[in-house]
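First the structure, in the form of structure tokens, and then the observations on it.
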Amino acid sequence: MKFTYYPLLAAATIATLSALTACNDAKTATAAENAASATAIAVDSASTATITTAGNATAADISTGSPATIPASKRADAAAILARPQVPILCYHQIRDWRAKDSKGAKDYIVPVEQFKAQIKMLADSGYHSILPDQLFAYLTTGAPLPSKPIMLTFDDTDLDQFTVARPTLDKYGYKAVYFVMTVSLGRPNYMTKAQVKQLSDEGNVIGSHTWDHHNVKKYQGQDWVTQIEKPTKQLEEITGKKINYFAYPFGLWNPEAFPELKKRGMDAAFVLAEKRDQQDPLFTIRRIIASGYWSPRTLHNSIVQSF
């Protein structure tokens, strides 16, 4: 990736510059986990997990009321949520062709353009319907029906190619997605602008929070919660004109101490990567897998079936 992680520095100017190089080291570790998972795949593409569905309904047919419309008394407990079949959730980062300087590890997070288009076409040809977080929340907490073969598509870090390449590709198949925005990058070269983020939201996609500068949540203390979560979330709400309900942990790294802090700041659920969910609060450790740049469409499909 184009980021190299550094701890937050005291000087605001240095912090801003270093923030734009945040994603590499811990992501490589997660990539190894996904790659190891992929090597274990021996599942035929026909074997798909059974999830409560609404027959052949599309995502548009399903109620998309926000979590605020579901009273706490009507929500399932942790055991019931954990017992429901997991919905496949893919995590993408950069959508661009590989360059000579890209490392082997970085290529897990960089999906070449034609490979990405082939992966999305495979999902459509296989009958997958994209869903959004409110639908997932309702399913997990109340058992609300989902469309047949639901899948969630998520994009981290605000890269411009998510708007210029991913967006039109998804539009071709009627898919919507979740874009987890790192606000320090807004308007910088090779990243989305505020206007593009608003356009994604206006077009029916969901904007989520991904911190200010990708700092590791496990290291937060004191004012970090304001700098990394509270202020960026308010900024995204100002940009979109909508409440921001969902969060993705940088590097997929989390700890239980983060849950009450995220809830205080309006989050209803949070997304990790390919590790086990918290047994007491699974809504704040919803699993995703990274869609690797190395994977063919069939390998991606098999990984979806095997991982979820």
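The values are calculated or read from the model by the stated rules, or taken from the named source; none is laboratory data. Everything quoted here is computed from the prediction, not taken from an experiment. Virtual Cβ from ideal backbone geometry, glycine too; neighbours counted across all protein chains shown.
Miscellaneous remarks
- Residue match in segment 177-185 (condition: of a type in the set (A, V, I, L, M), in contact with a strand residue (DSSP E or B) (Cβ under 9 Å, 6 or more places away or on another chain) and free of Cβ contacts under 8 Å to residues at least 40 places away in the same chain): no
- Scanning segment 95-154 for residues that are of a type in the set (Asp, Glu) and touching a residue at least 60 places away in the same chain (Cβ under 8 Å), we see that the one that is farthest from LYS242 (Cα to Cα) is ASP108.
- Segment 239-293, subset among the charged types (D, E, K, R) and either touching a strand residue (DSSP E or B) at 6+ places or on another chain (Cβ under 8 Å) or at pLDDT below 95 (or both), residue farthest from TYR92 (Cα to Cα): LYS242
- The condition of being more than 23 Å from THR227 (Cβ to Cβ), crowded, with 18+ Cβ neighbours inside 10 Å and of a type in the set (Phe, Trp, Tyr) holds for TYR175.
- Lone unmet requirement of (1) outside any helix (DSSP H, G or I); (2) within 18 Å of the chain's Cα centre (by Cα); (3) farther than 25 Å from PRO256 by Cα for VAL165: (1)
- Positions within segment 186-202 being without any contact (Cβ under 8 Å) to a residue 12 or more places away in the chain and within 18 Å of the chain's Cα centre (by Cα), in sequence order: none
- Residue list for segment 164-189, restricted to those being of a type in the set (Ser, Thr, Tyr) and closer than 23 Å to PRO147 by Cβ: THR169, TYR173, TYR175, TYR179
- Single unsatisfied condition, LYS176 versus (1) under 25 Å from ALA270 (Cβ atoms); (2) charged (D, E, K, R); (3) part of a helix (DSSP H, G or I): (3)
- Residue match in segment 176-188 (condition: over 30 Å from PRO282 (Cα atoms) and in contact with a Phe, Trp or Tyr (Cβ under 7 Å, 6 or more places away or on another chain)): no
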